[in-house]
Protein chains: 6
Amino acid sequence: MSRFDGRTPEQLRPVTIQRGWSKHAEGSVLVSFGDTKVLCTASATQGVPRWRKGSGEGWVTAEYSMLPRATNTRGDRESVRGKIGGRTHEISRLIGRSLRAVIDYKALGENTIVLDCDVLQADGGTRTAAITGAYVALADAVTWMQQKKLIRATAKPLTGTVAAVSVGIVDGVPLLDLAYEEDVKAETDMNVVCTGDGRFIEVQGTAEGAPFDRTELNALLDLAVGGCAELTAAQLAVLG
Amino acid sequence: MSRFDGRTPEQLRPVTIQRGWSKHAEGSVLVSFGDTKVLCTASATQGVPRWRKGSGEGWVTAEYSMLPRATNTRGDRESVRGKIGGRTHEISRLIGRSLRAVIDYKALGENTIVLDCDVLQADGGTRTAAITGAYVALADAVTWMQQKKLIRATAKPLTGTVAAVSVGIVDGVPLLDLAYEEDVKAETDMNVVCTGDGRFIEVQGTAEGAPFDRTELNALLDLAVGGCAELTAAQLAVLG
Amino acid sequence: MSRFDGRTPEQLRPVTIQRGWSKHAEGSVLVSFGDTKVLCTASATQGVPRWRKGSGEGWVTAEYSMLPRATNTRGDRESVRGKIGGRTHEISRLIGRSLRAVIDYKALGENTIVLDCDVLQADGGTRTAAITGAYVALADAVTWMQQKKLIRATAKPLTGTVAAVSVGIVDGVPLLDLAYEEDVKAETDMNVVCTGDGRFIEVQGTAEGAPFDRTELNALLDLAVGGCAELTAAQLAVLG
Amino acid sequence: MSRFDGRTPEQLRPVTIQRGWSKHAEGSVLVSFGDTKVLCTASATQGVPRWRKGSGEGWVTAEYSMLPRATNTRGDRESVRGKIGGRTHEISRLIGRSLRAVIDYKALGENTIVLDCDVLQADGGTRTAAITGAYVALADAVTWMQQKKLIRATAKPLTGTVAAVSVGIVDGVPLLDLAYEEDVKAETDMNVVCTGDGRFIEVQGTAEGAPFDRTELNALLDLAVGGCAELTAAQLAVLG
Amino acid sequence: MSRFDGRTPEQLRPVTIQRGWSKHAEGSVLVSFGDTKVLCTASATQGVPRWRKGSGEGWVTAEYSMLPRATNTRGDRESVRGKIGGRTHEISRLIGRSLRAVIDYKALGENTIVLDCDVLQADGGTRTAAITGAYVALADAVTWMQQKKLIRATAKPLTGTVAAVSVGIVDGVPLLDLAYEEDVKAETDMNVVCTGDGRFIEVQGTAEGAPFDRTELNALLDLAVGGCAELTAAQLAVLG
Amino acid sequence: MSRFDGRTPEQLRPVTIQRGWSKHAEGSVLVSFGDTKVLCTASATQGVPRWRKGSGEGWVTAEYSMLPRATNTRGDRESVRGKIGGRTHEISRLIGRSLRAVIDYKALGENTIVLDCDVLQADGGTRTAAITGAYVALADAVTWMQQKKLIRATAKPLTGTVAAVSVGIVDGVPLLDLAYEEDVKAETDMNVVCTGDGRFIEVQGTAEGAPFDRTELNALLDLAVGGCAELTAAQLAVLG
């Protein structure tokens, strides 16, 4: 059975990871998973938030947002509404947690890296594209800090790599990397964040329609682990 | 090996579900999982939000909040800060999704039920206690609506039951229903929402320390399914 | 003439003051005036707000809030609306002023006590129940600070006791401690805060219908002074 | 004993009430109590807020604010801070309640009058000056509506007059109409709103220092009733 | 051709500049351009915002606002709406920039002057009246600081004078100092801020209807330069 | 004399206008003026804001924003701060006014077009690049509406074209199209919006350092008119 765009169930959309997109940021990536395009910038600065001062440890955080017309119908700007929506909060927190899972705070020293993930065009899987791209921007920012001697030469702030992908069950079939058209029809939707060695950082599965059983959960996890491995390979390829 | 409070790894804390706590709400429950106490009220009203009018379908939503001194250290009120934090948003959304998973919107008709889950005292597992208690308040509100003839006598708006529990790995050991003292030490933390027949509505696992592998994930899911079954039994017992 | 619930005009509703409700707070009380239930917690911390630093004097403040379904009809959360309403502001300020009236700032030293008064169920007189309960929580917090040696052993931060009650004129009859059903019909509504020795800290009388004359004002003050004396006795009883 | 500005204890500051200050508003008054100057405008419009539509009844409300440099030290603008402070809320509500006490909603018909009281210069007693001035602006707006035939010719929306004054105990002496210099030293501070026939609309007494007893309360009420009578005469004089 | 109020095209409305309006502010002016009345206060304090500390340089900033009933129809308060509108922001920034153009920060030393421009009554040209009046208040505040020895006696913080006027094209005719009735009909609207020696600080021209050509632009600039010269004379006259 | 990047004073930076950047929006353009890159999307919908309903006329508005790391140093998100800054407001209003200057509301009918201009990378001139790009997106959205028959075939909603450019005086030399490095050093900064036939829609000149005289103003206007003509040619070229 082939999908609406001709993919097999276990096939990713075309993935591109363009490094060095921005002239200003210490790390910057324009990542695309099919028509989903996310601009990820890493801003590295000396110092840490007040609550962490004097700890000798660094901090990594993330903010996710969508341009108002990234989607098919224009959405109001959160700046205009004067508050951040629950979905935005949730995804920003997910990205931050995912990246912190591969950070050695001591090795980073009292430095902060902020990842901004702005969705320029959305077609499903924006949060997983954001995590996958943000990892590359983060790696570039860490390298930049080492070159600037802001981190000790022998320190290894990154303890591994991180990639993420969505999976879901559509018409009873488990599928990898859902496009928007599939996402809206999915009975179950899961986002999985993996390290490069195939372990889990985050597993978030939600029954959108009927509840799912253990067999379905296992099938989705299998797909996700395979997809993350491919994305890890793509990350390593662009990082040289 | 016994836990700090004498429990075995697969043991819940003492659970109480007190129905009819409030004289005003259509359904109200004071639920406790050990020292965690959450007041869950269900407010049933005729009519639905504007975007749903004319659909013939109902709506269920939830809001979660903590009293400022529910925790060991006083936290600022979100009303005073003028905005809702990401964690609050995230949990409110989780509770709402979990309960909607067992709602037949058509059978509910154009009625709305709002679940308010206010944590009076926190000791770990507030979101899972909230879901477990809110289900009972929701069931009482549905019954109230049927008694008031606001829902057809033959309609069955509830398609199942919902319970939730946290699980986690502490010092390498998978544990059920973490108390706060365990939660802060957990390497992996997972919240699982199940239907009464043992299927999954939501699985949210997060590596707080080291990433977790498939074997650990499976052990946690086993514990959670068992815990949810016990909670389901407790819910059915109080609902008579 | 007897009232809707069988009370005489000068009779309080059943009052309960349950100390030590919370495991976390330095002082905590669940107070009820009939069906009105307010959870009052006192959070004691070292240090004072910036504008008071170096003065050698402490600070006491209060925040009042209602759970959304404390009332007969659900109200929006102020955190969701993003701002605090005028009524909430007004009552928070009243509670703070009332308690500060019996505080010797010098004796308290540079410590702060915050009183949180959260109405779990409302049936008239929430602000007066809050003040009456908060005093007991405050007394417990002061004792806790003395036991922890955060206040000098010989210091007496509390210069007296505080209790409060509502009075009003319903169908031309002055009544003590109005329940909600009476409150909505009252022509005049007054909240009175007294010290244990019968003097006034705050007198707030409002004509809801026709203006009131000096004779009516005097009758209401007589009732209030009597009610506060009974509440003072109840406070002293629970404080041992 | 004479006061810092030469007044006797029962003497008002010089009071001026200038009608027709604004070319735009339906009623407008620049009122001064000594150096306290408040611009009160009444905006009359057809229609009522949504919750009152179809009732056949009108509505009157008020908003109070201070210019940032009305006081000795510049205060931040509430618009810049993005929220209204508790004091502002409290006073706006007091002014609205006071004026509504002399409004016959049925006679007003489904019309709304908004009173804006903006303090141009503050020297104590801003809220009482605002109420006293706003009454005159309100009366002018009612007259305007009658001239425009927006209210029936025979209707009498105003059932009486309203004036307000502050009283307080300074160095043990009860004083009328406190200037700022006296206000900051007052042990007890009371604001009293009276109708023209000497009855009470609002009595708000607060112990700033020591609690006050019944005798002191009575002395303050006597002063306030006398002061309000003088202010009523001034209002009637300018209204011709 | 004469204008609706009898003026010639190059004629200002009657201008009054009343110094020392407020007893509290270091500089204060009630300025009127015809029926437009703006209260401008200058608040001088020692110290500068955090980002400027240690620079040895001072700061001048401005805030503009309108009373809700300054206009023909009542507008909502920005404090009630919880945010400042774009127009208010724009004008506040314009006033601040205009005054900073004649400030020597070094000579001012680490002091801050805040100009508050509150429109009491609006009839067109509020921002230009505000700038013109604020300059006088600023000059008075600088003098006050010199008298208080907060600025060195020989320092000259003011490097020139500033005045502003609006010009526009109505029915094809370039006019000086538009009243509201003219402003709403203008095809082109321009605000010009000049120094006393006839140079430009700010030129803001906007086509409200048809675009304007170079000839029209030149005619407007000629009018504005003439008007600013007259306003400069008026400022110097009141400053003695 | 050549500029830091080798340009002559009257030379634009390389300009690119990429149409059809987004798959979702009715018009979308990625415009670059040198290193300044702005994504402009036009969202066309049927219907108009409430205040315009029934008028038979359409509406065009714009929102401008910067990604947090569009600049050399990361800026806080306005959504996180909960309010829109003055600069953002000012520029959004400028873009909207500029585009409305070439719109025939009647011909547009009761339709709305919203232009979102998001700065992906900033290097001076972001507002002028936004206007220039937004015009092309607007033209595409109008064409789309005509193809969808949402606008009458014979209607011409666009009455002309719009382009904008910045000019300024740096080290005494008038320059066209300032890059950031030049902008921060400019004594005078001016943004000029022209129609394709060389008339002015908006002229905003500001003295950042010394005031400017009429001769300098004229030199800047000459440069701007020339620059806008080149930009108009580029717009027409991409629109075919």
For the stretch E:150-159, what are the residues that are within 22 Å of the chain's Cα centre (by Cα) and β-branched (Val, Ile, Thr)? E:159
Taking the stretch F:51-83 and keeping only residues that are within 18 Å of residue F:138 (Cα to Cα) and surrounded by fewer than 16 Cβ atoms within 10 Å (Cβ to Cβ), one is left with none
Modelled with pLDDT of 95 or more and under 29 Å from residue E:95 (Cα atoms): is that true of residue F:192 in this structure? yes
Take the stretch B:21-50 and flag every residue that is surrounded by fewer than 19 Cβ atoms within 10 Å (Cβ to Cβ) and not in a strand (DSSP E or B). B:23, B:24, B:35, B:47, B:49, B:50
So which residues in the stretch C:156-179 are over 19 Å from residue C:133 (Cα atoms) and surrounded by 15 or more Cβ atoms within 10 Å (Cβ to Cβ), if there are any at all? C:168, C:169, C:170, C:174, C:175
Using beta carbons and a limit of 9 Å, which pairs, at least six apart or on different chains, have the first residue in the stretch A:155-175 and touching a residue at least 60 places away in the same chain (Cβ under 8 Å) and the second one among the aromatic types (Phe, Trp, Tyr) and buried (at least 20 other Cβ atoms within 10 Å of the Cβ)? A:161/A:135; A:162/A:135; A:163/A:135; A:164/A:135; A:165/A:33
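Residues checked against (1) within 13 Å of chain C (Cβ to nearest Cβ); (2) closer than 30 Å to residue E:24 by Cβ:
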| site | (1), (2) |
| --- | --- |
| D:105 | yes, no |
| D:123 | no, yes |
| D:130 | no, yes |
| D:149 | no, no |
| D:155 | no, no |
| D:166 | no, yes |
| D:179 | no, yes |
Return the residues of the stretch D:104-149 that are under 20 Å from residue D:234 (Cα atoms) and over 15 Å from the mean Cα position of the chain (by Cα); say none if nothing qualifies. D:140, D:141, D:142, D:143
Name, by its number, the condition in (1) under 23 Å from residue A:87 (Cβ atoms); (2) at pLDDT below 95 that does not hold for residue A:128. (2)
Exclusive hit being of a type outside the set (Ser, Thr, Tyr) and either within 11 Å of another protein chain (Cβ to nearest Cβ) or out of contact with any Lys or Arg (no Cβ under 9 Å at 6 or more places or on another chain) (or both), set E:95, E:91: E:91
Residue list for the stretch C:103-129, filter: under 23 Å from residue D:210 (Cβ atoms), surrounded by 21 or more Cβ atoms within 10 Å (Cβ to Cβ) and of a type in the set (A, V, I, L, M, F, W, C): C:103, C:108, C:113, C:115
Mind checking whether some residue in the stretch A:191-210 is among the aliphatic types (A, V, I, L, M) and surrounded by fewer than 21 Cβ atoms within 10 Å (Cβ to Cβ)? yes
Report, by residue number, each residue of the stretch A:9-68 that is within 14 Å of another protein chain (Cβ to nearest Cβ) and on the phi > 0 side of the Ramachandran plot. A:20, A:34, A:47
Answer with yes or no whether residue B:37 is among the basic types (Lys, Arg) and within 26 Å of residue B:83 (Cα to Cα). yes
Residue under question is residue B:185, and the condition is that it be free of Cβ contacts under 8 Å to residues at least 60 places away in the same chain, basic (Lys, Arg) and either within 14 Å of chain A (Cβ to nearest Cβ) or within 23 Å of residue A:100 (Cβ to Cβ) (or both); does it hold? yes
Restricting attention to the stretch B:145-169, which residues are in a strand (DSSP E or B) and out of contact with any Ser or Thr (no Cβ under 9 Å at 6 or more places or on another chain)? B:158
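Checking the structure you have, find out if any residue of the stretch E:83-94 is in contact (Cβ under 8 Å) with a residue 40 or more places away in the chain, within 21 Å of residue E:30 (Cβ to Cβ) and within 21 Å of the chain's Cα centre (by Cα).
Within the stretch E:83-94, one or more residues are in contact (Cβ under 8 Å) with a residue 40 or more places away in the chain, within 21 Å of residue E:30 (Cβ to Cβ) and within 21 Å of the chain's Cα centre (by Cα).
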Quick count over the stretch B:143-164, residues being in contact with a helix residue (DSSP H, G or I) (Cβ under 7 Å, 6 or more places away or on another chain) and within 29 Å of residue A:206 (Cα to Cα), is 9
So residue B:86 clears everything in (1) surrounded by 19 or more Cβ atoms within 10 Å (Cβ to Cβ); (2) facing another protein chain (nearest Cβ under 9 Å) except one condition, right? Which one? (1)
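Table: residues versus (1) closer than 22 Å to residue E:121 by Cα; (2) of a type in the set (Gly, Ala, Ser).
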residue	(1), (2)
E:154	no, no
E:160	no, yes
E:165	yes, no
E:227	yes, yes
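If we keep just the residues of the stretch A:1-20 that are of a type outside the set (A, V, I, L, M, F, W, C) and in a strand (DSSP E or B), which is surrounded by the most Cβ atoms within 10 Å (Cβ to Cβ)?
Looking at the filtered set, the residue picked out is A:19.
Yes or no, residue by residue, for (1) facing another protein chain (nearest Cβ under 8 Å); (2) part of a helix (DSSP H, G or I); (3) under 22 Å from residue D:14 (Cβ atoms); (4) touching a helix residue (DSSP H, G or I) at 6+ places or on another chain (Cβ under 8 Å):
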residue	(1), (2), (3), (4)
D:189	no, no, yes, yes
D:193	no, no, yes, yes
D:201	yes, no, no, yes
D:205	yes, no, no, yes
D:209	no, no, no, no
D:217	yes, yes, no, yes
D:223	no, yes, yes, no
D:227	no, yes, yes, no
Failed criterion for residue B:196 (all others in (1) of a type outside the set (Ser, Thr, Tyr); (2) touching a strand residue (DSSP E or B) at 6+ places or on another chain (Cβ under 8 Å); (3) over 22 Å from residue B:228 (Cα atoms) hold): (3)
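The values are calculated or read from the model by the stated rules, or taken from the named source; none is laboratory data. What you see is a predicted model; the values in this text were computed from it and never measured. A quick note on method: Cβ atoms are made from the backbone with ideal geometry, for glycine too, and the neighbour counts reach across all protein chains shown.
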